[in-house]
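Beneath this line is the structure, given in structure tokens, with notes to follow.
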Amino acid sequence: MERFVVTGGTRLIGEVAVPGAKNSVLKLMAASLLAPGRTVLTAVPDILDVTVMADVLTGLGATVSRHREWETPSGGGAAGGRLCIDMPEDAGGAADGDLVRRIRASVAVLGPLVARRGEARVALPGGDAIGSRALDIHVNGLTQLGAVVDVEDGVLVARTDGRLQGASIWLDFPSVGATENLVMAAVLAKGTTVIDNAAREPEIADLCAMLTAMGAQIGGAGSSTLVVDGVDGLSAVEHETVADRIVAGTYAVGALMTGGDVLIRGGRVEHLAIVLEKLVEAGAQVDVRGDGFRVAGSQRPRSIDVVTLPYPGFPTDLLPQVIALEAISSGTSLITENVFDSRFVFCRELHTLGADLRTDGHHVIVRQAARLTGTRVMASDVRAGAALVLAGLVADGVTEVTEVHHIDRGYAHFVEDLRALGADITRVRDRAVA
Ligand code: UD1
């Protein structure tokens, strides 16, 4: 059991390198199933979810080797290590249930496997406990492409006789995971697939860029209508993972909360437009540079209202961090969550630190707290954990954040990077009781 011990009262000052995005690299790894040969991914973050996804691919017959030496490009690119995936001609079979239950992103192997092998078996996935996270949009889309999808003993089984068939698919909601799964299925289908109301997250554009380099024919990448002309086969490529906008946004919020000044190297302002606009409204000074952007805060932040929406709206994955910001901002803020139904579970922990907040359905009202006071709190998911660390940076005394394996799922070198910025934070390992 590990926890982070944070002593509040320091400002974040300096620079930090943004790694490749967790939410991109996991899908790029799944895409390697679509072609035999060696896929090389760069700017790979050193996080737990990559380890789990690598194990999923290994279980499907791939050989995965990881080179963790951190490469920090001097220009504007993302930082990270290198991952080589050697995919045999006959990769496939069933994705290991225990691994799949640990990360929901592993459901991304469903589309590539059914497209290339004609059958995919994936245990119903896990991941963060932040809502019901159904799979109906994935299943409906695959069915329209000609797959027969059933649940057999808790395992999702998708089968097709011969190739999938291109189809016109309208998504009920612009689901990120469903859009990715369906694109990866459609690239090898016979004929043309049109996916309407597709999600537009930068990580999807990144996946489409890699698929296109592999030989796929995809029109409209990054828009809400994707047109995919199926091809007979794809080739493995080398691809650099897009920078993690959520990690960049977390440091930006931290800089503002602590009255600090942080150069977020590799951060892509164009992927954080609404977030940075909101932080400026809250009092941040943001300077765009060639190699990233700088965020500084000088006085107590002003309260802002935030509504989460699919991209390009305000990202749900930055909501906990913003609620922590609101807890110390002057005034009252109304926060609305539209993507997941139990994101606010973490508000209980923030309340334990002294935050003045009241939840009502998918809204939370946050009033300025007199002060936050350090105590022991628990990370319930990856973003909630990061938000509690930010709260700890501005709380009086010592905050202990437990269950930090959640934070390790998505933040590489979090403690080291925060310490380099001046934070007083350490990772403590509890000794096992015999
Ligand atoms: C991805 C991200 C996650 C982010 C989310 C929204 C990864 C690994 N995770 O998750 O960090 O918070 O996008 O930006 O990339 N839904 C259905 N039926 C479906 C699919 C989704 O009802 O078939 C619902 C979900 O329950 C949720 C909403 O749609 O309420 C959004 O889900 P989705 O966009 O699919 O998110 P994920 O891909 O799971």
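General observations
- Couplings 3J(HN,Hα) for region 337-343, derived from phi with the Karplus relation 6.51 cos²θ - 1.76 cosθ + 1.60 (θ = phi - 60°), are 10, 10, 9, 10, 8, 9, 5 Hz, where x marks Gly and Pro.
- In terms of Cα atoms, the Rg and Dmax of the chain work out to 21.4, 65 Å.
- Counted over the chain, the DSSP beta bridges are approximately 75% antiparallel.
- Computed over protein heavy atoms with a 1.4 Å probe, the carbon and sulfur contribution to the accessible area of the chain reaches 49%.
- Linear extension gain, Glu281 paired with Val155, 0.36 nm per residue minus alpha-carbon span: 40.7 nm
- Helix content alone sets the calculated 222 nm mean residue ellipticity of the chain: runs of n ≥ 4 DSSP H residues at -39500 (n - 2.57) each, divided across all residues, give -8500 deg cm²/dmol.
- A simple rule links phi to the HN-Hα coupling: the Karplus curve 6.51 cos²θ - 1.76 cosθ + 1.60 with θ = phi - 60°, which for region 379-396 gives 6, 9, 7, 4, 7, 4, x, 4, 5, 5, 5, 4, 4, x, 5, 10, 7, 6 Hz, with x for Gly and Pro.
- Extension gain, Trp170-Glu71: 0.36 nm per intervening residue step, less the Cα-Cα distance, totals 31.6 nm.
- Per residue, region 327-434 exposes 44 Å² of accessible surface when a 1.4 Å probe is rolled over the protein heavy atoms with every protein chain present.
- Here the spin labels are modelled as points 7 Å beyond Cα on the Cα-Cβ line, and at Ser342 and Val288 they lie 4.0 nm apart.
- Cα centroids of region 250-284 and region 297-312: 10 Å apart.
- For region 324-434, alpha-carbon Rg over 2.2 N^0.38 Å: 1.10
- Temperature 25 °C, viscosity 0.890 mPa s: under these conditions the Stokes-Einstein estimate for region 168-310, based on its Kirkwood radius over C-alpha pairs, is 145 µm² per second.
- Mean sequence separation of contacting Cα pairs (under 8 Å, at least six apart), scaled by the length of region 22-240, corresponds to a relative contact order of 20 percent.
- Linear extension gain, Gln217 paired with Asp232, 0.36 nm per residue minus alpha-carbon span: 4.3 nm
- Over all pairs of different C-alpha atoms, region 22-240 has a mean inverse distance whose reciprocal, the Kirkwood radius, equals 16.9 Å.
- Other-chain or far-sequence residues with amide H under 5 Å of Met378's (modelled H): Thr402
- Solvent exposure of region 22-240 amounts to 36 Å² per residue of accessible area, where only protein heavy atoms count and the probe is 1.4 Å.
- Modelled FRET efficiency - R0 35 Å, Ser224 with Thr51, Cβ distances, 0.05 increments: 0.60
- Label-to-label distance, nm, for residues given as Glu2 and Thr426 (7 Å Cα→Cβ offset): 1.5
- Annotation: His67 carries an accessible surface of approximately 70 Å², with a 1.4 Å probe and no ligand, DNA or RNA atoms counted.
- For region 164-177, Karplus couplings with θ = phi - 60° (6.51, -1.76, 1.60), whole Hz, Gly/Pro x: 5, 10, x, 8, 9, 10, 10, 7, 4, 9, x, 5, 5, x
- Residue order by solvent-accessible surface for Tyr251, Tyr311 is Tyr311, Tyr251, largest first, with ligands and nucleic acids left out and a 1.4 Å probe.
The values are calculated or read from the model by the stated rules, or taken from the named source; none is laboratory data. The structure presented is a predicted model; accordingly, all values stated were derived computationally and were not measured. Note that we place each Cβ from the backbone using ideal geometry, even for glycine, and neighbour counts take in every protein chain shown. Please note that ligands, DNA and RNA were not included when accessible areas were found on the heavy atoms of the full protein model with its side chains. Shrake-Rupley method; radii C 1.70, N 1.55, O 1.52, S 1.80 Å.
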